[in-house]
Amino acid sequence: MTLLDSFGLRYVNGELPPFFYKVWGSVATTGLFKSGDKDTIRPLGVKSSLLRDLHKQVAGKNKGPLNDFLLPQQLALDKAGGCKLVHQVRMLSERRRDFIVVKLDMRNAHNEVSRAAVIEALESEPSLRHLAWHAATCLASHTGLECGGKLWGEAEEGTAQGDPESSGWFCVSWHQDVRDLDAALAEHGGLARFGNDDGYLVGPPE
């Protein structure tokens, strides 16, 4: 357990050789149909269970600073965030019958988010800057895509679905844009609220 603890700390602090992050960061892929579309297969990539557990520790320890930065516009990491999102949108819509609601759903969000944008966003926010090096070492190399023990491709951008850090990295990467959108709508009594890549914009039709 002492060796495992030491290994875990070295991994999250970016102290292991660069090749290790590339190899261990590879994902086992499975082809899935998305939303009943039988013409499109989207590979689902799953990382090592121990790696995911280490990322879970990082995400859990930093949930407070992440939520301090993301709230109130982004509710993905907040406790009962889905309920808060639904109630805020519903209550404002009921109070202002002249408003409309526009729903956004970003296509393939986690798989296509810019890794450079994640690092830049973490570095630019003082309260999250301590996470930038960890994210950089884990996201620096292309991610190997493995199936049946064979490497069949690489992912240059995006994060792995099911990785406990993926949601936080995605939300942080473009949160300044979400804030700007919310501020623009707030000038007219509206708001922008997001649950990860699903967004709801409430405001006057114009």
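Under 8 Å for C-alpha pairs, at least 6 residues apart: give me the relative contact order for the range 76-156, rounded to a whole percent. List each step's numbers first, then the result.
Values: 35 pairs, mean separation 10.7, N = 81.
In percent, rounded to a whole number, it is 13.
Treating only the Cβ of Lys, Arg, Asp and Glu as charged (+1, +1, -1, -1), what charge dipole size does the range 68-123 show about its Cα centre? Round to the nearest 20 debye. It would help to have the intermediate numbers written out before the result.
Values: 9 positive and 8 negative charges, 82 e Å.
That gives a dipole near 400 debye.
Of 144, 91, 174, which is farthest on the positive side of the dipole of the chain, counting Cα position, with +1 on Lys and Arg Cβ, -1 on Asp and Glu Cβ, and the Cα centre as origin?
91
How tilted is helix 81-95 with respect to the longest principal axis of the chain? Cα atoms for both, answer in degrees (0 to 90, nearest 10).
Helix 81-95 and the main axis of the chain meet at about 10 degrees.
Which value, in Å², gives the accessible area per residue of the chain when a 1.4 Å probe is used on the protein heavy atoms?
Heavy-atom SASA per residue in the chain reads 57 Å².
Given springs between every Cα pair under 10 Å in a Gaussian network model of the chain, which of 40, 143, 29 has the largest fluctuation?
So, out of 40, 143, 29, the one fluctuating most is 40.
For residue 26, list long-range residues whose amide hydrogen, built 1.01 Å from N in the peptide plane, is under 5 Å from its own amide hydrogen.
Placed amide hydrogens put 144 under 5 Å from residue 26.
Could you work out the relative contact order of the range 126-206? I mean the mean sequence separation of Cα pairs under 8 Å and 6+ apart, divided by the number of residues, in percent.
Values: 57 pairs, mean separation 11.7, N = 81.
Relative CO of the range 126-206 lands at 14 percent.
With 30 Å as the limit, write out which pairs from 61/150; 103/150; 22/84; 61/84; 63/150; 47/79 have Cα-Cα distances beyond it, or answer none.
Over 30 Å apart, Cα to Cα: 61/150; 103/150; 22/84; 63/150.
Mind listing the Cα extents of the chain along all three principal axes, in Å, largest one first?
59, 44, 27
With runs of 4+ DSSP H residues as the only contributors, calculate the mean residue ellipticity of the chain at 222 nm using -39,500 (n - 2.57) per run, divided by the residue total and rounded to the nearest 500. Can you show the working numbers first?
Details: 10 runs with 96 residues, N = 206.
That calculation yields -13500 deg cm²/dmol at 222 nm.
Quantify, in whole percent, the carbon and sulfur part of the accessible surface of the chain (1.4 Å probe; protein heavy atoms only). Don't skip to the end; give the middle numbers.
Details: 6750 of 11720 Å².
The computed percentage sits at 58.
Per-residue HN-Hα couplings for the range 142-151, Karplus 6.51 cos²θ - 1.76 cosθ + 1.60 at θ = phi - 60°, whole Hz, x for Gly and Pro?
Computed from phi, the couplings for the range 142-151 are 5, 8, x, 10, 10, 8, x, x, 10, 7 Hz.
Placing unit charges on C-beta atoms (Lys and Arg positive, Asp and Glu negative, everything else neutral), compute the dipole magnitude of the chain about its Cα centre in debye, rounded to 20. Walk me through the numbers on the way to the answer.
Working: 23 positive and 27 negative charges, 129 e Å.
Magnitude of the dipole: close to 620 debye.
If you plug each phi of the range 59-76 into the Karplus form 6.51 cos²θ - 1.76 cosθ + 1.60 with θ = phi - 60°, what whole-Hz ³J(HN,Hα) values come out, in order, with x for Gly and Pro?
5, x, 5, 10, 5, x, x, 5, 5, 4, 7, 7, 6, x, 6, 10, 10, 4
Between the DSSP loop rule and a limit of at most 16 other Cβ atoms within 10 Å, which trypsin sites (Lys or Arg not before Pro) in the range 45-121 are left?
Details: sites: 47, 52, 56, 61, 63, 79, 84, 90, 95, 96, 97, 103, 107, 115; in loops: 47, 79, 96, 97, 107.
Taking the range 45-121 and a limit of 16 other Cβ atoms within 10 Å, the loop trypsin sites (Lys or Arg not before Pro) found are 79, 96, 97, 107.
Can you check what the net charge comes to around residue 119, using other residues whose Cβ is under 15 Å from the Cβ of residue 119 (Lys, Arg +1; Asp, Glu -1)? Numbers along the way, then the final one.
On the way: positive: 115, 129; negative: 120, 123, 125, 156, 157, 165.
Overall, the nearby charge balance is -4.
Amide H neighbours of residue 100 under 5 Å, counting only residues 5+ apart in sequence or on other chains, H built in-plane at 1.01 Å?
The answer is 203.
The values are calculated or read from the model by the stated rules, or taken from the named source; none is laboratory data. Predicted model only: the values in this text are computed from it and were never measured. Cβ: placed from backbone, ideal geometry, glycine included. Neighbour counts: every protein chain shown. Calculation scope for accessible area: heavy atoms of the full protein, side chains included, ligands and nucleic acids excluded. Shrake-Rupley method; radii C 1.70, N 1.55, O 1.52, S 1.80 Å.
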